[in-house]
Amino acid sequence: MKNFKIKNDYKNFVKGLLSLNYLVIAPKYENGILKFSKIKNAAEILSPSEYINTVSSTKEYFFPQTEPVIKFTFEGKEIFLKDVEIGKKPKVVLGLRPCDAASFSILDDIFQYEYKDEFYFTRREKTIIIGAACESNDESCFCTTTGLAPDSSQGADLFIEKNNEEEYFLRAVTEKGERLVEQLIAEVEELEEEPKKNPLYEKIEKQIRKKIDLIEAKKWLDNNFENEKWEELSSQCLSCGSCAYLCPTCHCFDIVDEVNYNSGVRRKNWDACQFDLFTLHSSGHNPRDTKAKRYRQRVMHKFKYYADRFDKTLCTGCGRCIRACPVNIDIYEVVKEFAPLVEQN
Amino acid sequence: MNSISEIAKKLLDENRVSAVVGYSIGSLPNKTKTVIVKSSQQAEKLIFNNLCVNNLAIYLTKSFRLTTQKPVAVVMKGCDVKSVTGLIQEKQIEREQVFIIGVKCNGVSEDGKNLSPKCYSCKLQTPKMYDILVGEEEEKNIEFKNPFSDVEEFEKKSLDERWNFWMNELEKCVKCYACRQVCPLCYCEKCIVDKTVPRWIEPHTSKSSNLSWHITRAFHLAGRCTGCGECERACHHNIPLSLLNKKMAKVVYDNFNYQAGLDDKAKSPLADFKFQDKEDFIR
């Protein structure tokens, strides 16, 4: 795959993208918080050096918090169904960190497991992912544990990095990405040689929380469905669900019919396994009736069940759940309770 | 030796409490971790410092089942004790079910740098109610702010400005209900948003359904919210919920000269009525 130099500055490159009539989504401060939002002009763009990561992930652009899946009307005893249109405008999601870009290969697996979710995949196909290597980290980041690094391009179509002369360049990761760059010849120029690595990325990798051995973690989980640790690890949880709502890989949803007198809509709404209603049956029975059982589900799903099924971890180490938890339940510390660190040279 | 951990150890050794709820060193430099200590060996991890911003009164509510057999001990600042007063007033717990380890507080911080907004209008460095008191009161170098000053400022704006402000803020809500979950006074076993027959508030996010939720939440806390700020702290989208709560508190104060959480014998205005009430619907 090819590499391209950004000729002028980063803002000009974004200007080029906007002129191609893409809907550009990138980190932007709105009402005091940094989140992925629509960019109206290039002046609003933050360069990859200006932020660590956003409060919420990009999943809402592929799997929205609420999404109509079908509409219906009644006439007498007859029901008429109407399909829902999915936005057709091509999008570019720009400036995702490796921990967010990597979430797509994880979500793609589940959204086509047994059934292909056309809502998710229509958006995926219409969207080009431009990742950006991390130029800083904070105490919550632990991507190396999940096999990533500050400069992992996994999941991206294009990836922005700095070479050792502090100049930004684009790495084409997929053909889809390469085709986009070809439309931006005024802004980019193909590089003939592989750019020299900027030492910054290695430095950041070393600052990140030390790598935990997730193979050992899984072995422990395989044998400890019943363990008093679950109670101990979750007793202070307030079941607020912030962890799941901010997680780039949590994907559980609830299906609800919202019905008026003669019409209605069936919606997919985000849901979270830490809520007691999540598994409550209409009979009143709740198979996960304690916080210990619900927290066990969260950890098992991330580090065991998903690994059993897809050979992947349902976590990218973005640290959002750690930053947001009001009582400081820290999933990295939790996993470290039952798995060793990886020896590093 | 930390005196909170000594007290906790003694309470647990003497079998007087089922657990001690308190704070320990967190995993991040600007956070403390909430811990529920059940054995005296673990008591030594209990600490108190300016990062202990959480209101631990939430752990006294029924869903935590900590007070069923024996009382539970909780480490509390002056502001947190107000929530206990509320829970006693509303018959959620008996005074005897909680052992309050009161701490003299000199202000707390959510980020390790700035004082929490709630501390600027706090007059309760020493809790009003406690079973044992620890800590030293330092002279406060904080300029006291009228608790309603930001509401008064906001009220000066036009109706349109206020409406647009709230619609803009509430649009960010993703309905995770973290605001409800962390609130010690939001203890309903079944919340109105979770009721399906009938469905009072639509579960999806939209301007109108987000507004329904937030108005309902704020109304339900009118005259009950003690201003601990946990809802706002838990909101990862930074919706200024305290402003909404304070507006409710101000309406209650202006009309009934009542402030929540100060007197466990008082009746909250919205839970009481008088035969002399000027509104006849209530008689």
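Residue under question is residue A:238, and the condition is that it be under 30 Å from residue A:53 (Cβ atoms) and within 13 Å of chain B (Cβ to nearest Cβ); does it hold? Judged against the criteria, residue A:238 is a match. Sub-8 Å Cβ pairs linking a first residue in region A:1-19 that is under 13 Å from residue A:47 (Cβ atoms) to a second residue that is surrounded by fewer than 16 Cβ atoms within 10 Å (Cβ to Cβ) and aliphatic (A, V, I, L, M), at least 6 apart or interchain, are A:11/A:43, ordered by first then second residue. Only one entry in A:243, A:250 is surrounded by 21 or more Cβ atoms within 10 Å (Cβ to Cβ), under 30 Å from residue A:72 (Cα atoms) and modelled with pLDDT of 95 or more, namely A:250. Being in contact with a Ser or Thr (Cβ under 6 Å, 6 or more places away or on another chain), farther than 18 Å from residue A:49 by Cα and among the polar types (S, T, N, Q) is a condition met by no residue of region A:127-135. Anything in region B:66-100 that is charged (D, E, K, R) and closer than 22 Å to residue B:15 by Cβ? List them, or say none. Answer for region B:66-100, where residues must be charged (D, E, K, R) and closer than 22 Å to residue B:15 by Cβ: B:70, B:94, B:95, B:96. Going through region A:291-331 one residue at a time, which ones are more than 24 Å from residue A:137 (Cα to Cα) and within 14 Å of chain B (Cβ to nearest Cβ)? Matches in region A:291-331: A:291, A:292, A:294, A:295. Counting the residues of region B:22-33 that are touching a Ser or Thr at 6+ places or on another chain (Cβ under 8 Å), within 8 Å of another protein chain (Cβ to nearest Cβ) and not basic (Lys, Arg) gives 3.
Scanning region A:103-123 for residues that are within 14 Å of chain B (Cβ to nearest Cβ), hydrophobic (A, V, I, L, M, F, W, C) and in contact with a Phe, Trp or Tyr (Cβ under 8 Å, 6 or more places away or on another chain) turns up nothing.
Figure legend. Inter-residue proximity from region A:24-39: first residues within 19 Å of residue B:170 (Cβ to Cβ) and within 13 Å of another protein chain (Cβ to nearest Cβ), second residues modelled with pLDDT under 95 and in a strand (DSSP E or B), beta-carbon distance below 7 Å, spacing 6+ or different chains. Indicated pairs: A:37/A:30.
Would you confirm, using the coordinates I've provided, whether residue A:302 is part of a loop (DSSP other than H, G, I, E, B), farther than 14 Å from residue A:213 by Cβ and of a type in the set (Lys, Arg)? No, not satisfied.
Take the conditions part of a helix (DSSP H, G or I) and more than 10 Å from chain B (Cβ to nearest Cβ) and apply them to residue A:225. Does it pass? Here the answer is no, as residue A:225 does not meet what is asked.
The set of residues in region B:163-181 being polar (S, T, N, Q) and in contact (Cβ under 8 Å) with a residue 12 or more places away in the chain consists of B:181 alone. Pairing residues of region A:234-250 that are within 25 Å of residue A:109 (Cβ to Cβ) with residues that are in a helix (DSSP H, G or I) and acidic (Asp, Glu), at Cβ distances under 8 Å and at least 6 apart in sequence or on separate chains, gives A:248/A:100. Within region A:56-103, being under 21 Å from residue A:21 (Cα atoms), among the basic types (Lys, Arg) and touching a strand residue (DSSP E or B) at 6+ places or on another chain (Cβ under 7 Å) holds for A:89, A:91. When residues in region A:51-79 are screened for being among the small types (Gly, Ala, Ser) and more than 30 Å from residue A:141 (Cβ to Cβ), 1 of them pass.
Residues that are touching a residue at least 40 places away in the same chain (Cβ under 8 Å) and closer than 14 Å to residue B:214 by Cβ do not occur anywhere in region B:141-162. Only a single criterion out of (1) touching a residue at least 12 places away in the same chain (Cβ under 8 Å); (2) out of contact with any strand residue (DSSP E or B) (no Cβ under 7 Å at 6 or more places or on another chain); (3) surrounded by fewer than 16 Cβ atoms within 10 Å (Cβ to Cβ); (4) not small (Gly, Ala, Ser) is not satisfied by residue A:179, namely (1). Residues that are of a type outside the set (Lys, Arg), at the interface with chain B (Cβ under 10 Å from one of its Cβ atoms) and under 28 Å from residue A:98 (Cβ atoms) within region A:241-275 comprise A:241, A:242, A:243, A:244, A:245, A:246, A:270, A:271, A:272, A:274, listed in sequence order. Looking only at region B:13-30, which residues are more than 16 Å from residue B:99 (Cα to Cα) and in contact (Cβ under 8 Å) with a residue 60 or more places away in the chain? Across region B:13-30, the qualifying residues are B:29, B:30. Only one of the listed residues (B:102, B:112, B:86) is more than 28 Å from residue A:292 (Cα to Cα), outside the structural domain of residue B:229 (by TED's automatic domain parsing) and part of a loop (DSSP other than H, G, I, E, B). That residue is B:112.
Against the numbered list (1) within 22 Å of residue B:177 (Cβ to Cβ); (2) in contact (Cβ under 8 Å) with a residue 12 or more places away in the chain; (3) not in a helix (DSSP H, G or I), residue A:257 comes up short only at (2). Scanning for something assigned by TED's automatic domain parsing to the domain that holds residue B:169, among the polar types (S, T, N, Q), within 22 Å of residue B:84 (Cα to Cα) and within 19 Å of the chain's Cα centre (by Cα), does region B:223-237 turn up at least one residue? Yes. Restrict the check to region B:192-206 and report whether at least one residue is under 20 Å from residue B:233 (Cα atoms), outside the structural domain of residue B:48 (by TED's automatic domain parsing), surrounded by 11 or more Cβ atoms within 10 Å (Cβ to Cβ) and acidic (Asp, Glu). Within region B:192-206 (the criterion being under 20 Å from residue B:233 (Cα atoms), outside the structural domain of residue B:48 (by TED's automatic domain parsing), surrounded by 11 or more Cβ atoms within 10 Å (Cβ to Cβ) and acidic (Asp, Glu)), the answer is no, since none of the residues qualifies. Only one entry of A:30, A:44, A:50 meets the criterion of being of a type outside the set (Phe, Trp, Tyr) and over 30 Å from residue A:190 (Cβ atoms), and that entry is A:30. Report whether or not residue A:82 is more than 19 Å from residue A:323 (Cβ to Cβ), of a type in the set (D, E, K, R) and within 14 Å of another protein chain (Cβ to nearest Cβ). Answer is no for this residue. Of the residues contained in region B:59-66, one or more are found to be assigned to a helix (DSSP H, G or I), at pLDDT below 95 and either farther than 25 Å from residue B:260 by Cα or of a type in the set (Phe, Trp, Tyr) (or both).
The values are calculated or read from the model by the stated rules, or taken from the named source; none is laboratory data. This one's a predicted model, so the numbers in the text were calculated from it and none came from an experiment. Counting neighbours? That spans all protein chains shown, and the Cβs are built from the backbone with ideal geometry, glycine included.
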